[in-house]
Amino acid sequence: MKLVVVSAGLGSPSSTRLLADRLAAETLRHAEAEPQVIELRDLATEIAQHFVTGFPPARLAAALDAVAAADGLIAVTPVFAGSYSGLFKSFFDLIDKDALTGKPVLIGATGGTARHSLVTEHALRPLFTYLRALVLPTAVYAASEDWGDEGLAQRIARAGGELARFMAPAARDAGADTAPDVDTAAAIAPRSLTGAITSVNATHGFQVVPFEQRLAALAAE
């Protein structure tokens, strides 16, 4: 399997690259994959040239091909003006419209304050949903004060585990023509009754209580 990490950090060192590396390391703890990191700051000139000429230079073409061929994708951006950076958006504007269809994507962002923590939900998640990617339930935002905090480490661990589960061959192959068997179902991230992805681990088991039964139990109290 191949894990591709896209980092839109501009500095060196970069907190965005640090978050991307930690997400990748946690994913690789649970899945055997070949990692590849794409630093968008190194491709900024090529990205601009592609918009002007319509043809990607060799390094950019290789990066676009790597994203399309990945079994799993980690995409992390710094926050600019309350949203993803222009460099990040420009790169994904160049991705073929079908390249991310059904591909598991773990999204992350970094910023100077916790006020931007919802950027993953109001900007990143809609972007990758539009590209028909399978956006994982847990998105990770890291503000400056979060580094070294146990809560950030827990979110990274949960997100990395989710991506590894989605990248598993059983999860990718399930649901094509036949219903998944028990082993396959355990590898697929579970869904709610409405089809929404949840972070519940199917191997732990859970019980759905009908709403009418809950109301009857309340009336009996």
Index of the failed condition, Leu43 passing every other in (1) touching a Phe, Trp or Tyr at 6+ places or on another chain (Cβ under 8 Å); (2) farther than 17 Å from Ser7 by Cβ:
(2)
Any chance you could count how many residues in the range 1-12 are open to solvent by 30 Å² or more (accessible area, probe 1.4 Å) and either touching an Asp or Glu at 6+ places or on another chain (Cβ under 7 Å) or assigned to a helix (DSSP H, G or I) (or both)?
2
Can you spot a residue in the range 140-161 that is of a type in the set (A, V, I, L, M, F, W, C) and either at pLDDT below 85 or over 21 Å from Gly108 (Cβ atoms) (or both)?
no
Filtered residues of the range 131-150 (kept if in a strand (DSSP E or B) and either without any contact (Cβ under 8 Å) to a residue 12 or more places away in the chain or of a type in the set (A, V, I, L, M, F, W, C) (or both))
Leu134, Val135, Val140, Ala142, Ala143
Just for strands (runs of 3 or more DSSP E) wholly inside the range 13-130: which have at least 1 residues that are aromatic (Phe, Trp, Tyr) and surrounded by fewer than 19 Cβ atoms within 10 Å (Cβ to Cβ)?
72-80
Run Arg172 past the list (1) modelled with pLDDT under 85; (2) open to solvent by less than 50 Å² (accessible area, probe 1.4 Å) and report the number of the one that doesn't hold.
(2)
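The values are calculated or read from the model by the stated rules, or taken from the named source; none is laboratory data. Values in this document were obtained by computation on a predicted structure and should not be read as measured data. Virtual Cβ from ideal backbone geometry, glycine too; neighbours counted across all protein chains shown. Ligands, DNA and RNA are stripped out before the accessible areas are found, and what is left, the full protein with its side chains, is counted by its heavy atoms. Shrake-Rupley method; radii C 1.70, N 1.55, O 1.52, S 1.80 Å.
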